[in-house]
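Structure, as C-alpha cells:
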Amino acid sequence: MSDDHPQRSALLTQFEEHLAKASYSSSCSAHYLVVASNFLQHIEKRHVLIDSVQPAHITRYLRWELRRFVERNSHAPICIEGWRTSHTSGIHHLLRLVNGHWPPTVAPAGPYEQRSEALCAEYAKWLDECRGLVATTIDGLAAEARRFLLWYGQRNDAESLSAIAITDIDAYFQARFLNLQRISRKAIAQQVRCFLRFAHATGRIDHDIAASVMAPRLYALESIPLALRPEEIHAVLQSVRNDHSAKGQRDYAILLLLSTYGLRAGEITGLRLEDVDWHADRLRVRHTKTGAESVLPLFPAAGEALLAYLRRGRPKTEAREVFVRANAPYRAFYSGSSLYTPIRQRLEAAGVKPAGKRGPHAFRHARAVSLLREGVPLKVIGDVLGHRSVASTATYLKLATEELRGVALDIPLLDQGAMP
C-alpha cells in the first residue's frame, strides 16, 4: 500500500495485514482497503481523529459518498441497503482494529441513567456473590432490571427507588406484556420480583413489595413440545452428509452431536478442542444452564464426523472452539443462538417442516423421546441431557405418547341408564 499521508499509509498497511491474518479473500480485502482509505481521507479533511470517530461521522461520510455515486452514475444504487453495507463493513472492521471494539460504548445520558447503570452493576455482583447464579442468567436478570429502571425513570422524577409502589409494577407489566405469551410474562415477572428483592435487601426500598408481584400461573407439563420424528432426523442428516463442502462437514458434525447426545446449542458452540479425548474416546461437555460438566462416550459416528471436519473442513484459526464460522473472520460462534439459522436452513433444504421447534432444541427433544422409548431410566436420561433434577427431565416424559398409552387404565363404560 502506498499513500501520500504516512500515518494513513501505516494504518492501511496494518489493516491489510489484519485482513490477511483473518483469512479474508483477496477481493474482499481489496474492497475493504479502498473503502477504509476513502473514509480516512474524508475524516482527515474534517480534522477528525480515527480514535474519536462516532456513528454520526460515518453517517455523514455515507451521505457524501452517495452524492459522489449519483454524480458518477447519474442514478442512485439499485439496492441502497446493499450499497450501504458494502461501505460500513470495511469501516467497522477498521474501527474495531483501531479501538478494539465498535460501536463505541454509549455514555449514560444523564445522572439518572448513570445511577441506574451503577445500580445494575451492583445488582449483577449481588446475583453472582449472594445468589451464585451463572453468567447467562445474571445477564438476563440485569437486562430486565435495566429496562425497568429506564421505564421508571421516564415516568417519575424521583431520584431514588423508595417511592416505587405496586401500581408502578402493574403499569410496567401492562406496557411490557404486549404481544407476549404467558410463559414470557411469567419469566419477566420473576425477573422483576428478583430485582425488587435486591432493592429491599440493600435498603433502597423500605417495604418488600416483591411478594405482591403476581405472575401468570403455569400448570405443570401444560404444553406438549413437538419433537422431530426419526425419519425426519434421518432425512436431514442424509441431506447434509451429501454436502461435501467445508460448511457441510461442519454442519453434519454439529447435527450428529445434537441428535446423538441431545446437547444444548450453547454446549455445541462452547465445545473446545481439548474437550475431545481421542485416546479414551470421551467427550467433555460443559452444561451452559447448570455450569456442571459431563463426560460422555465419543460414539464412532460422531467421532468420525468430528475428525472429518477437523481435518478437511475447519479453516486455520487460533480459536480453541471446535466449531467456527464458515466465512472470514474464522472465529467461534458468538453464542448458541448462532446455530438457529444454519439448523433451520438445513431442515428446509431437507424438506423437513416441523410443526414445533425448528432449531437445535428440536433435536434435544427428539433424543429424549428416543431414550424414553428405549426404556432408559429417567435419571440416566437426565444425566445425558445435563439436568440437575429428575423434575427437569420429567418434562420430556409427556413426549412419549405411545408409551403412555400402553400404561393407560382401562375404564369400563357404564350403561346409559345405570347409576354410578
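The values are calculated or read from the model by the stated rules, or taken from the named source; none is laboratory data. Please read all numbers here as calculations on a predicted model, not as lab measurements. Note that we place each Cβ from the backbone using ideal geometry, even for glycine, and neighbour counts take in every protein chain shown.
Below, the figures for the structure above:
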quantity	calculated
Residue in the range 227-236 that is loosely packed, with under 13 Cβ neighbours inside 10 Å, over 22 Å from the mean Cα position of the chain (by Cα), modelled with pLDDT under 85 and more than 30 Å from ASN327 (Cα to Cα) present	no
Some residue of the range 240-251 being within 29 Å of ALA355 (Cβ to Cβ) and of a type in the set (Ser, Thr, Tyr)	no
Any hit, the range 53-61, residues being small (Gly, Ala, Ser) and either surrounded by 10 or more Cβ atoms within 10 Å (Cβ to Cβ) or touching a residue at least 40 places away in the same chain (Cβ under 8 Å) (or both)	no
Scan of the range 277-294 for residues that are among the β-branched types (Val, Ile, Thr) and in contact with a strand residue (DSSP E or B) (Cβ under 6 Å, 6 or more places away or on another chain), ordered by number	VAL285
Some residue of the range 49-62 being in a loop (DSSP other than H, G, I, E, B), among the basic types (Lys, Arg) and not assigned by TED's automatic domain parsing to the domain that holds LYS316	no
Counted residues, the range 264-292 - those being surrounded by 15 or more Cβ atoms within 10 Å (Cβ to Cβ) and in a helix (DSSP H, G or I)	6
Number of the condition not met by ARG131 [criteria: (1) assigned to a helix (DSSP H, G or I); (2) in contact with a Cys (Cβ under 9 Å, 6 or more places away or on another chain)]	(1)
Tabulated pairs, the range 280-291, first outside the structural domain of GLY132 (by TED's automatic domain parsing), second of a type in the set (Val, Ile, Thr) and at pLDDT below 85, C-beta under 7 angstrom, 6+ apart or interchain	THR288/THR136; GLY291/VAL134
Identity of the residue in the range 293-325, assigned to a strand (DSSP E or B) and among the hydrophobic types (A, V, I, L, M, F, W, C), that ends up surrounded by the fewest Cβ atoms within 10 Å (Cβ to Cβ)	VAL295
Selection count, the range 335-370, where residues are surrounded by 16 or more Cβ atoms within 10 Å (Cβ to Cβ) and without any contact (Cβ under 8 Å) to a residue 60 or more places away in the chain	2
Matching residues, the range 309-329, being over 19 Å from ILE343 (Cβ atoms) and without any contact (Cβ under 8 Å) to a residue 60 or more places away in the chain	LEU310, ARG311, GLU318, ALA319, ARG320
Filter pass, SER294 being in contact (Cβ under 8 Å) with a residue 12 or more places away in the chain and over 27 Å from the mean Cα position of the chain (by Cα)	no
Residues (basic (Lys, Arg) and out of contact with any helix residue (DSSP H, G or I) (no Cβ under 9 Å at 6 or more places or on another chain)) located in the range 1-50	LYS21, LYS45
Options ASP251, ASP243; residue that is of a type in the set (D, E, K, R), over 30 Å from ILE166 (Cβ atoms), out of contact with any Cys (no Cβ under 9 Å at 6 or more places or on another chain) and assigned to a helix (DSSP H, G or I)	ASP251
Hits in the range 295-352 (condition: acidic (Asp, Glu) and touching a strand residue (DSSP E or B) at 6+ places or on another chain (Cβ under 8 Å))	GLU321
Test: residue in the range 283-296 that is farther than 25 Å from ASP383 by Cβ, of a type outside the set (A, V, I, L, M) and in contact with a helix residue (DSSP H, G or I) (Cβ under 6 Å, 6 or more places away or on another chain)	no
Residue list for the range 139-189, restricted to those being in contact (Cβ under 8 Å) with a residue 40 or more places away in the chain, of a type outside the set (Gly, Ala, Ser) and outside any helix (DSSP H, G or I)	GLU159, LEU161, ILE164
Checking SER184 against (1) surrounded by 12 or more Cβ atoms within 10 Å (Cβ to Cβ); (2) more than 29 Å from the chain's Cα centre (by Cα); (3) among the hydroxyl-bearing types (Ser, Thr, Tyr), the condition it does not meet	(2)
Which numbered condition LYS125 misses (of (1) closer than 19 Å to ARG197 by Cβ; (2) in contact (Cβ under 8 Å) with a residue 12 or more places away in the chain; (3) under 24 Å from the mean Cα position of the chain (by Cα))	(2)
